[in-house]
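Q: Below is a structure I'd like to ask you about.
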Amino acid sequence: MPYLVFILISLAAGGLSAIAVMRGLPAYERLAKPPLTPPSAAFPVVWGILYILMGAGAARVWLTRGRGRGAALALYGLQLAISCGACGSSLWGCASSPLCGCSPWPPPSGL
């Protein structure tokens, strides 16, 4: 049962991140990319698998009764919060958007 719970939590965080990232997808599609760049359709599949594996890993930590379990799960929760759309992707979207004005990097050419 913990595996299902942690996998669903991870997938929910990934879903929030995907929703936030979709705003920037048109700009990403216009960028000049190297020839070996995977197609955009591959990213949700790969990230979905990664989020499932992260959830399974968190469940294994939860089931371990060793020292440091609480700290490991706290770091995992922090990482999910940063990577989910409500926190990390929104901040990254703002920081990387030339329209936002808070970018530490120059806007990509061609935008």
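Residue-by-condition table, conditions (1) exposed (fewer than 11 other Cβ atoms within 10 Å of the Cβ); (2) at pLDDT below 80; (3) out of contact with any Pro (no Cβ under 9 Å at 6 or more places or on another chain); (4) within 25 Å of Val5 (Cα to Cα):
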position	(1), (2), (3), (4)
Ala42	yes, no, yes, no
Leu73	no, no, yes, yes
Leu80	no, no, yes, yes
Cys94	no, yes, yes, no
Ser103	no, yes, yes, no
Gly110	yes, yes, yes, no
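Q: Does Ala18 satisfy the criteria of being touching a residue at least 60 places away in the same chain (Cβ under 8 Å), farther than 16 Å from Gly77 by Cβ, in contact with a helix residue (DSSP H, G or I) (Cβ under 8 Å, 6 or more places away or on another chain) and small (Gly, Ala, Ser)? Walk me through how you get there before you give the answer.
A: Working: touching a residue at least 60 places away in the same chain (Cβ under 8 Å): yes; farther than 16 Å from Gly77 by Cβ: yes; in contact with a helix residue (DSSP H, G or I) (Cβ under 8 Å, 6 or more places away or on another chain): yes; small (Gly, Ala, Ser): yes.
When the stated conditions are applied, Ala18 passes them.
Q: Can I ask one more? List pairs: first in the stretch 29-54 and touching a residue at least 40 places away in the same chain (Cβ under 8 Å), second assigned to a helix (DSSP H, G or I), Cβ under 6 Å, 6+ apart or cross-chain?
A: Tyr51/Ser10; Tyr51/Leu11; Tyr51/Gly14; Ile52/Ile7; Met54/Ser10
Q: Oh, and also: Cβ contacts < 9 Å: first residue farther than 18 Å from Leu53 by Cβ, restricted to the stretch 70-81; second residue surrounded by 13 or more Cβ atoms within 10 Å (Cβ to Cβ), any location; separation 6+ or different chain. Result?
A: Pairs found: Ala81/Ala13; Ala81/Cys87; Ala81/Gly88.
The values are calculated or read from the model by the stated rules, or taken from the named source; none is laboratory data. These numbers were taken from a predicted model, which means no experiment stands behind them. Cβ: placed from backbone, ideal geometry, glycine included. Neighbour counts: every protein chain shown.
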